[in-house]
1. Taking segment 322-361, which residues are among the hydrophobic types (A, V, I, L, M, F, W, C), out of contact with any strand residue (DSSP E or B) (no Cβ under 7 Å at 6 or more places or on another chain) and assigned to a loop (DSSP other than H, G, I, E, B)?
2. Exactly one condition in (1) closer than 25 Å to G141 by Cα; (2) outside any loop (DSSP other than H, G, I, E, B) is false for S68; which is it?
3. Here is a list: L560, L532. Which entry is touching a residue at least 12 places away in the same chain (Cβ under 8 Å), more than 13 Å from ligand 1 (Cβ to nearest atom) and more than 24 Å from A499 (Cβ to Cβ)?
4. Find all pairs meeting these conditions: Cβ atoms under 8 angstrom apart; at least six residues apart or on different chains; first residue within segment 368-390 and in contact (Cβ under 8 Å) with a residue 40 or more places away in the chain; second residue within 12 Å of ligand 2 (Cβ to nearest atom) and of a type in the set (S, T, N, Q).
5. Taking segment 521-563 as the region of interest, how many residues are within 16 Å of ligand 2 (Cβ to nearest atom) and closer than 18 Å to T293 by Cβ?
6. Among the candidates T303, T293, T316, single out the residue that is farther than 25 Å from E574 by Cβ, surrounded by fewer than 24 Cβ atoms within 10 Å (Cβ to Cβ) and hydroxyl-bearing (S, T, Y).
7. Any idea which residue in segment 17-34 is farthest from F221 (Cα to Cα), counting only those that are at pLDDT 90 or above and assigned to a loop (DSSP other than H, G, I, E, B)?
8. Among the numbered conditions (1) part of a loop (DSSP other than H, G, I, E, B); (2) more than 13 Å from ligand 1 (Cβ to nearest atom); (3) free of Cβ contacts under 8 Å to residues at least 24 places away in the same chain, tell me where P256 comes up short.
Amino acid sequence: MSNHLFQVPLTKLQGVGSRKAEELHALGISSVGDLIEYYPFRYEDYRIREMHEVKDGERITIQGMVASMPYMQRYGGKTRLICRVTVDQMLVTAVWFNRAFLKEQLTIGREITLTGKWEQRRRHLTVADSEFPDRGAAKSGTLQPVYSVGGSITQAAIRKLIDKALDQFGAYIPEILPEQLITRHSLIPRREAISRIHRPENTKSGQEARRRMVYEELFLFQLKLQGYRATHLKKSDGLVQPVNNDEIRGFVGHLPFALTDSQKQVINEILHDMKQPYAMNRLLQGDVGAGKTVVAAVALYATIRAGHQGALMVPTEILAEQHVRSLGKMFEPYGIQVALLTGSLTDRKRRDLIASLQMGLIDIVVGTHALIQEDVFFRSLGLVVTDEQHRFGVQQRSILRRKGMNPDVLTMTATPIPRTLAITVFGDMDVSTLRERPKGRKPIKTYTVKHELMDRVLGFIRKEAQQGRQTFFICPLIEESEKLDVQNTIDLHMQLTQALPELNIGLLHGRMNAAEKEETMGVFAEGKTNVLVSTTVIEVGVDVPNATLMIVMDADRFGLSQLHQLRGRVGRGEHQSYCILIADPKSENGQERMRAMTDTDDGFEISRRDLEIRGPGEFFGTKQSGMPEFRLANLLNDFEVLEQARDDAAELTSTESFWSSQAYEPLRDFLAREAKLRDEPLD
Ligand code: ADP
Ligand code: MG
C-alpha cells in the first residue's frame, strides 16, 4: 500500500533493538507497517458471562469471590489446586493444574475472574487463566487477539509490540480507499478498523472492522487484476470482428432446436466482445449438458464470416472427434471447412493439414494439445475456443493465443467453478454463465447401491435397452496403472457380455488406438451398441443424447466433480435419465460424496460441496494453483463482498480520472508496487 509506515524500521519502536527486529523478521515482519498489519487469526473471548447462560463444555470467563480456603493435591510430580468460588450466588469449584504459587493469593472474600472449561454436572471449572481485579485484570472482559507466532516471540510479546506500534504510529495509518466507496458501503476509516482488529471492544465493533478490511483486501485484489487488464488492453490491438446480425440469425435459425434464453444472452455477450477493438478474454461456464458447444459454434461462425479462422482445443481425442462431427454437420451447408488435428495423424496428413491451415484452406481446426505445437500456423486466427478448460494449464492456453494476432479467446468449462472462485482465479476474464439447461430436460435420478445388487443393476440395463435407450458403464481409473485399468475394463466387458447375451456391448479404453476409439464411439453414438463399457476416457464432453443410464463402478474412488461430469453424459435428451453409483458403503469419505450426488444434480452446488470437502488448493489441482491467499478474507464466506469489490474495481478502473486524478494516487501507487513485484512494467 502506499503507506510510508512500511518504510519505518522496527527499531523505531521503543524497546525494540536489532535482536528483536531480527526475530520479527523471521515472522515476515520487517517494518512498523508490517507489524500493524499483522492481523490475529482468531480471538480468545474473556468477556464475563453469567452463570445462567453458560453451557456444559464451554470455555467461559466468570467473575466471583473466593469462598473457601484452597487446598492442594499432589500427584506424580504435578499439583492440583482446588478452591470454591461464589459466582452469581452459585458455588463453583475451580481447579488449577500446576499453579501451586496461587495458593497464597486465594484469600477468602477476594474477587477473582476465572477463564476455563465448564463442567455443568459437577459445577467444575478447569481454570486456564485467572486474574485478580484488585491487581488490574487486563484480559478479563475483553477479546484477546491470537497471532501466529514462532521462535522466541510469544503471544504476549507480540500483543505488546503491536499495542506499542499502534500507540506510537496508529495516527499515521493512511486511508487508501476512495471516499465514494467508503460512503457507498458505510465502511469505518482504515485507522479505526486496523486498531479495532487488534483490540476489538465487542463482537460488533470487531465485525465492522473485519468487514472494512476484508472489503479492502478483496477490492485491492480485484484492482490488481483489473487495473492490470485495463492498462494491458490500452496497448493491445485486438481484432475488430464485424458481426452481421442477420447472418447470425440465419445460422441460428437453421439449428435443429431453438436456443435457450441463457444461450442467447451469452452469445450476445461474446459477439459484443468480438466486435470491440480489444481482445476478448471470456470464460463461459455452464453445467454439463447446458449446451456450450452451440454457443462456441455461433462464435466460430462469426469469426469466419469476419474473414478469419477459428481453433477449438479440447482435452481428449474422443471429444475432438465428436466436435468435428457435430460442427462439420452444422457448418457443411455454408461451405465451411472443419478439420481435425490430433497426435494420431500420420506425419504426411499432419503436414498437409498444417499447410492448408497456413494457406487458409481450412476454416476451423479442432484438436487436442497437438494444436499448440510449434509448427502449427494459421493464415489468420480470429478466435480460439478452449473446451473443458479445467483440463488445461494456463500456459497451454496462452501458447495457442499467441498463434494469432491477439485473437479473441473464449474459454469454456463444464466443471462449474463457484462464481466466487471464477472471479478470483479468472478475475482478469469476463465471465458468462449458462444458467439454464435446454427445455424439457428432466433431472437425472441418482441412486447409490452396493456391489451385491449387481443383478438389479443388470435388470435396469435390460429395461432401458428394451426401450431403445443406451447405457454407459464406467470402470474406475486405477491411479498409476493404466494396465490394470484396461484389464478391469476388459473383464467387466466380458462379464456383461455373458450376463446380457441379448445385448450389444461395446468396449472403450485408453490403450486402443485412435481409429479403434473413433469406431467404437461412432457405433455407440449411432445407437448400434446398447452398452458402452469404458474407462473415464469419456469423462468430459461426450454427447450421446440417447444414452439414459450411467453406471459408475466403485464410485467411491472418484472425486465429486468427476462423478458429476460422468453423470453429465446422460440426461442430454428428452428422456428420463438415471445414474447408478456402485459404492462401498464402508468408505466414509466416499459416502459424503455419494450423498452430495444424490442430494443435487446442480453442478454449482456440487462444486461448492467439492470445494468444502477438499479445500481450494486441491480443488484446483496443481495446474490451477494460482490461488491467492488472503489474510482476512475467506472465499467461502465472503463471496458477496468479492463480487461487490469486483464491480467496484471495474467501475473505477474504467474511468479516466482513475488514471489521472490526485485522489487515486494511493491506489495507483499500490498498483505500481504490485506490478514491480510481478516484474511487469505497467505501461
Ligand atoms: P455441454 O454444455 O455439456 O458441452 P452440449 O453443448 O454438448 O453440452 O449440449 C448438450 C446437448 O444438448 C447436445 O446434444 C446439444 O445438441 C443439445 N442442445 C444444446 N442446446 C440446446 C437447445 N437450446 N435445445 C435443445 N437441445 C440443445
Ligand atoms: Mg461440452
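The values are calculated or read from the model by the stated rules, or taken from the named source; none is laboratory data. Worth saying up front: this structure is predicted, and the values here are computed from it rather than measured. Methodologically, a virtual Cβ is constructed for each residue, glycine included, from the backbone with ideal geometry; neighbour enumeration extends over all protein chains shown.
1. Initial filter on segment 322-361 (among the hydrophobic types (A, V, I, L, M, F, W, C)): 324, 327, 330-331, 336, 338-341, 345, 353-355, 357, 359, 361.
Applying the additional criterion that residues be out of contact with any strand residue (DSSP E or B) (no Cβ under 7 Å at 6 or more places or on another chain) yields 330, 345, 354-355, 359, 361.
Selection gives L345, L361.
2. (2)
3. Details: L532 fails: more than 24 Å from A499 (Cβ to Cβ).
That would be L560, the only listed residue that is touching a residue at least 12 places away in the same chain (Cβ under 8 Å), more than 13 Å from ligand 1 (Cβ to nearest atom) and more than 24 Å from A499 (Cβ to Cβ).
4. T368/T316; D387/T293; E388/T413; E388/T415; Q389/T413; H390/T413; H390/T415
5. 11
6. Details: T303 fails: surrounded by fewer than 24 Cβ atoms within 10 Å (Cβ to Cβ); T293 fails: farther than 25 Å from E574 by Cβ.
One residue alone meets the criteria, T316.
7. G17
8. All conditions pass for P256, except number (2).
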